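Here the structure is laid out as structure tokens; the discussion comes afterwards.
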């Protein structure tokens, strides 16, 4: 309130006196008002309050302060549930708040005259493994969901998971396809290691199936273009000769093709077969096929999971330009002993597993042996008595749980094929691998995996029939060391990083005389040595409930080392034996050439809602080892070659985008993906190339560019009496070879279709569950015929008709289509007394090529016996008839 003072002025001296008095009075009044203000607006923390001794909750203490006219700002929901013990009377606000802070961690600060309180809940980590309750087998890709929402995580390749969350009580759901989910309520007030055991759904049959990790995995997963082939669903689809096989299954998926029925390997999104990195427990497998490429080397009883990464490739994988096929073997049952196997027309299988020491260690051993040594000619009733093929596989694995933080695994594989053509010509080839792995937990958030690998691929061919009889050999040996780390920062952010080193030892070939009577000149090609190394870093991030990203970088290199001979060529002429200008002798362990580069990777997933998402990705990959073949269908005896000063690494840039949608509560899933792949340094052969035991193989090769692009549609019905899927691929794969030298140019330097290009590929698979024990299934496949080169004319040379060819792959074979059927009859699962039978068995009856379609594989040209001087064209079909088969499978 303003104060008004009036003075009566009488004289000058009196006036000066009163002026001085007025100033003093004004200063006094101002100081009094200021002191009064300070008294009213004193620090709220110093105000007096009265709190008696006792035990209080944080909120109740704050309520007592509020009742005593203390201005506080806080959220009751965010305050901790801890109790505060007061042992003596508290008389100021500051004393009360410090007591709360010291015992609970609640922070406070003053803003004007209001006290603001906040609490950052303590963070704790929940980690552990998820395993099968019966076998103790780690469940890879199992889901952990928080409070029935979409937040959570999945187990890694070793069944390990880690979640870092604020202190509190959570409802957790542990799930895996084909298993009963486990719902748990856990109070997280410290770091907890929680091991979860899930039990199988008793309706699930032991079949090789195409499945997702979870019903909504195709929508929620960040990575596009990934397919999982695993054990656990009742999808008894038809298999060739009843042999359950992961590669036959893979060929029913979009974007995955092969040259034909008598061809080994997979062509994935327009890539050659050597552009697939095939790993068995981390060890590379170079030839994954038995029986003319119709059966893979991977016995289904020993397989835990198979992931085919045909789109985005995480940075921890590298060395191939097209895809990664990661196969993980089972660990072996550490609870009880089991024996499983089967017998069919082609092979017999037997697998044993069980605990070495229950809950701590286990073993798995599996063997497969061909039985009747069939040849393809036997199957089409054109038997050649002296043409036979046989194969065998052996798998073994031992694991030891040292303690909760350390696990050791030792696994191995041995496989061999033997083929006798004609009377005495024999080919042998096979793979060997050994993997030693140590899993170590540095903390609940940091997971590590240290791996040592030895793998080998060998082949041998011997032909004693001719004067030029010989024995030829070749092999590849890899020694690898890997260190991989995973750091789970929190549920939304995970860092993966590591370093890999591989020593390649490659013997391209040696040819020696079969005996002293042979005229063969001994040829031994130089052994190639190289060190392939890489270091990578990857970040998986969920930036919001709708956007998740995985990105990273990989730096790879190849160092070619001696001893070896390196040829240099005249740069003004095409490479040939005649244009060699110098020969460099490289000493042992000396580096003579380097290749390498950065490989960025990124994948994004935007969730419109829980049922719809769109994904996009980009990969750059380097490939330093190449399969050199001048045949349409690569053979086991084809040559492998490392990049060097004359052969550059293949470089691939892969772009993809896709839309994913689930319907009817995840019972129906659909996806539509588009991809484009650009490839540098594609290798092909010159016209009339001689690749067998060639000392200067680079003189027979061409270096060009390739590209592939297309669309993939996939629709799958997961549940119900009638289930199945439809896949459709529309794609094109092409390459071009253009050079200033005419002999190094193909088709005038224009793009032309690759050998494995098929524009349309449609597959329809259906399964009808007639009863719990009986099911019928079918698969129908249609695809465009592959490109071929037909002659445009002919000429006579030395009295013989010789066809004249011009441009490559400008013609196509007729379209391919085939229908297969199968019937599965399972044994009784329930005993007469109502108990579940321990033993399980079933019969599988199959019909391959039901309507006996004679799909043309190639054409042969020969002079007509009826009309000499004219040429006749003979179509050749691998299977031109229906092929029945029966297989018996068991487990006890």
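The values are calculated or read from the model by the stated rules, or taken from the named source; none is laboratory data. What you see is a predicted model; the values in this text were computed from it and never measured. All Cβ positions, even for glycine, are placed from backbone atoms using ideal geometry, and neighbour counts span all protein chains on display.
The criterion of at least 2 residues that are touching a residue at least 60 places away in the same chain (Cβ under 8 Å), assigned by TED's automatic domain parsing to the domain that holds residue 498 and surrounded by fewer than 16 Cβ atoms within 10 Å (Cβ to Cβ) is met by the following strands (runs of 3 or more DSSP E) wholly inside the stretch 522-620: 547-561, 591-609. When restricted to residues that are in contact with a helix residue (DSSP H, G or I) (Cβ under 6 Å, 6 or more places away or on another chain) and closer than 24 Å to residue 257 by Cα, the stretch 757-807 contains 0. Of note, residue 89 does not satisfy the criterion of being within 59 Å of the chain's Cα centre (by Cα) and either farther than 22 Å from residue 169 by Cα or surrounded by 11 or more Cβ atoms within 10 Å (Cβ to Cβ) (or both).
For the stretch 303-312, the criterion of being closer than 30 Å to residue 880 by Cα and at pLDDT below 90 is met by no residue.
Residue-wise test of (1) in contact (Cβ under 8 Å) with a residue 60 or more places away in the chain; (2) part of a loop (DSSP other than H, G, I, E, B); (3) within 15 Å of residue 675 (Cα to Cα).
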position: 712; (1), (2), (3): yes, no, yes
position: 715; (1), (2), (3): no, no, no
position: 720; (1), (2), (3): no, yes, no
position: 725; (1), (2), (3): yes, no, no
position: 729; (1), (2), (3): yes, no, yes
position: 748; (1), (2), (3): no, no, no
position: 762; (1), (2), (3): no, no, no
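If you go through the stretch 229-243 one residue at a time, do you hit one that is within 14 Å of the chain's Cα centre (by Cα) and farther than 21 Å from residue 677 by Cβ? For the stretch 229-243, residues within 14 Å of the chain's Cα centre (by Cα) and farther than 21 Å from residue 677 by Cβ: present. Taking into account only those residues within the stretch 876-888 that are under 34 Å from the mean Cα position of the chain (by Cα) and modelled with pLDDT under 90, which is surrounded by the most Cβ atoms within 10 Å (Cβ to Cβ)? The extreme case among them is 879.
One line per residue, one yes/no per condition, for (1) farther than 17 Å from residue 309 by Cβ; (2) in contact with a strand residue (DSSP E or B) (Cβ under 6 Å, 6 or more places away or on another chain):
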{"residue": "244", "(1), (2)": "yes, yes"}
{"residue": "247", "(1), (2)": "no, yes"}
{"residue": "252", "(1), (2)": "yes, yes"}
{"residue": "255", "(1), (2)": "no, yes"}
{"residue": "260", "(1), (2)": "yes, yes"}
{"residue": "271", "(1), (2)": "no, no"}
{"residue": "277", "(1), (2)": "no, yes"}
{"residue": "281", "(1), (2)": "no, yes"}
{"residue": "284", "(1), (2)": "no, yes"}
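Of the residues making up the stretch 138-171, just one is more than 22 Å from the chain's Cα centre (by Cα), at pLDDT 80 or above and over 19 Å from residue 121 (Cα atoms), namely 145.
Taking the stretch 47-56 as the range and being within 18 Å of residue 82 (Cβ to Cβ) and touching a helix residue (DSSP H, G or I) at 6+ places or on another chain (Cβ under 9 Å) as the test, the residues that pass are 51, 56.
Apart from one condition, residue 128 fits all of (1) closer than 24 Å to residue 188 by Cα; (2) in contact with a strand residue (DSSP E or B) (Cβ under 7 Å, 6 or more places away or on another chain); (3) not assigned by TED's automatic domain parsing to the domain that holds residue 181; the exception is (3). Might you check whether a residue that is touching a helix residue (DSSP H, G or I) at 6+ places or on another chain (Cβ under 8 Å), in a strand (DSSP E or B) and surrounded by 15 or more Cβ atoms within 10 Å (Cβ to Cβ) occurs anywhere in the stretch 507-518? Yes. Could you tell me whether residue 332 is over 26 Å from the mean Cα position of the chain (by Cα), in contact (Cβ under 8 Å) with a residue 12 or more places away in the chain and buried (at least 24 other Cβ atoms within 10 Å of the Cβ)? No.
For the stretch 305-329, which positions are in a loop (DSSP other than H, G, I, E, B) and in contact (Cβ under 8 Å) with a residue 60 or more places away in the chain? Passing the criteria: 310, 311, 312, 313, 314, 315, 316, 318, 319, 320, 321, 322.
Of all the criteria given as (1) at positive phi; (2) surrounded by 14 or more Cβ atoms within 10 Å (Cβ to Cβ), the one not satisfied by residue 775 is (1).
One residue stands out among those in the stretch 745-766 that are under 27 Å from the mean Cα position of the chain (by Cα) and farther than 21 Å from residue 812 by Cβ: the one that is surrounded by the most Cβ atoms within 10 Å (Cβ to Cβ), which is 765.
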